[in-house]
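The values are calculated or read from the model by the stated rules, or taken from the named source; none is laboratory data. All values derive from a computational prediction rather than experimental measurement. FYI the Cβ positions are ideal-geometry reconstructions off the backbone, even for glycines, and counts take in every protein chain you see. Surface accessibility is based on the protein's heavy atoms, side chains included, excluding ligands, DNA and RNA. Shrake-Rupley method; radii C 1.70, N 1.55, O 1.52, S 1.80 Å.
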Amino acid sequence: MEKDNRYVVGLGEALWDVLPEGKKLGGAPANFAFHAGQFGLNSVAVSALGEDALAEETIWQLEEKKLKYEMPHVPYPTGTVQVELDTDGIPTYDIKENVAWDNIPFSMSIECIASNTRAVCFGSLAQRNVVSRETIHKFLDATPDDCMKIFDINLRQQFYTKEVIQESLKRCNMLKINDEELVLIGRMFGYPGLDIENKCFLILGKYNLDMLVLTCGVNGSYVFTPGKVSYQPTPKVEVADTVGAGDSFTGSFCAAILSGKSVKEAHRLAVNVSAFVCTQNGAMPVIPERFKI
């Protein structure tokens with residue numbers, strides 16, 4: 001079979017998580033691209049950086065991690081997030097505003113990547129500012145018809161609106177959401193009384209999605225496809241921190257589906273990879289060979 005060398009793209013925020021033990025490069029799109037790339041996919045992170053020392057450090061880290069990037073420099077500071085961890089290693093975030101990734105320009109080189117994209121993952125956070133929101137929309141609209149478009153909703157602080165979520169759901173063919181976000185969406189869209197399964201099937205049908213992935217922390221995860229549900233329990237592990245675990249789930253799930261695995265096989269792999277990432281510090285640990293497809 002001929003290798004498909006089209007891009008798998010993480011699109012949106014590039015930032016540094018400032019954790020208690022020091023700062024680490026993060027941001028869901030870069031995390032997703034990094035993890036998808038560990039399975040041999042031609043992954044690239046698309047964002048924007050400032051014209052500061054942190055931008056240089058970002059490039060150095062991306063190159064050290066062998067992660068391709070398209071991140072033009074703009075006259076805003078490179079993104080940072082203050083991360084506090086509770087006793088269970090669960091993070092809370094203070095996300096700095098009006099930074100480089102709020103102002104991603106839609107350039108010819110970014111359009112060129114979009115037209116040659118096999119899968120793209122984007123969220124709601126990078127759409128808080130109109131500049132990056134319009135770039136994300138243009139990127140999605142420029143992708144090929146068979147592109148897997150994953151909306152990893154990632155609701156953070158107050159940085160989302162009903163309109164942004166609706167527009168994103170119309171442009172994606174796969175939604176990734178967690179149980180807390182599903183409650184918020186249920187309230188926002190006016191169906192708070194439905195149980196989890198009915199809510200997920202309702203969203204799947206309403207937006208004509210191919211898949212809806214629901215993660216429920218220690219209570220396992222589900223993949224809804226039209227008429228079917230896959231469930232996997234969450235493995236019990238010693239948690240270092242959960243930063244990036246969801247992105248590793250999405251990246252490995254996407255890689256498995258693109259390699260021709262069934263939903264159930266892809267789901268099992270994603271659960272095991274994200275459990276491993278929880279045992280490591282930071283969002284981008286190297287995945288052991290035993291997980292490789």
When we measure straight from the Cα of LYS206, which lysines land under 20 angstrom away, once same-chain ones fewer than 8 places off are left out?
-> LYS149, LYS162, LYS170, LYS176, LYS228
Please state the relative contact order of the chain as a whole percent: Cα pairs under 8 Å, 6+ residues apart?
-> 16 percent
DSSP beta bridges in segment 69-194: the antiparallel percent, rounded to 5, is 40 percent
Identify all lysines with a Cα-Cα distance to LYS23 below 17 Å; exclude those on the same chain that are fewer than 8 residues away in sequence.
-> LYS65, LYS96
Checked against the structure, the computed mean projected area of the Cα convex hull in nm² among [x] 16.7; [y] 14.3; [z] 15.3 is the one labelled [y]
Dipole of segment 1-56 (Lys/Arg Cβ +1, Asp/Glu Cβ -1, origin at the Cα centre): which of ASN5, ALA45, PHE34 lies farthest to the positive side?
-> ASN5
State, as an integer percentage, the relative contact order of segment 185-258 based on alpha-carbon contacts under 8 Å between residues 6 or more apart.
-> 17 percent
Could you size up the charge dipole of segment 33-176 around its Cα centre, putting +1 on the beta carbon of Lys and Arg and -1 on that of Asp and Glu, and report it in debye to the nearest 20?
-> 540 debye
Could you work out the helix-only [θ] at 222 nm for the chain, with each DSSP H run of four or more residues adding -39,500 (n - 2.57) and the total divided by the number of residues, to the nearest 500 deg cm²/dmol?
-> -10500 deg cm²/dmol
With a ≥ b ≥ c the root eigenvalues of the C-alpha gyration tensor of segment 16-173, is it rounded (a/c under 1.5), prolate (a/b larger than b/c) or oblate?
-> rounded
Could the peptides 76-87, 147-158, 243-254, 190-201 be put in order, highest first, of the mean number of other beta-carbon atoms found within 10 Å of their residues?
-> 243-254, 147-158, 76-87, 190-201
Subtract the Cα-Cα distance of ASN198 and GLU134 from 0.36 nm times their separation in residues, and report this length gain in nm to one decimal.
-> 19.8 nm
Would you mind telling me the share, in percent, of accessible area of segment 1-151 contributed by carbon and sulfur at probe 1.4 angstrom?
-> 51 percent
So, in nm, how far is label THR87 from label SER115 when the simple model puts each one 7 Å beyond its Cα toward the Cβ?
-> 5.7 nm
In the chain the DSSP beta bridges are antiparallel at a rate, in percent to nearest 5, of 40 percent
By how many nm would the segment from LYS264 to LYS236 grow when fully extended, if each residue of separation counts as 0.36 nm and the alpha-carbon distance is taken off?
-> 8.1 nm
Normalised Cα Rg of segment 177-289, dividing by 2.2 N^0.38 Å with N its residue count, works out at 1.09
Say each of PHE189 and ASN173 gets a label point 7 Å from the Cα, pointing the same way as Cα to Cβ; how far apart are those two points in nm?
-> 1.9 nm
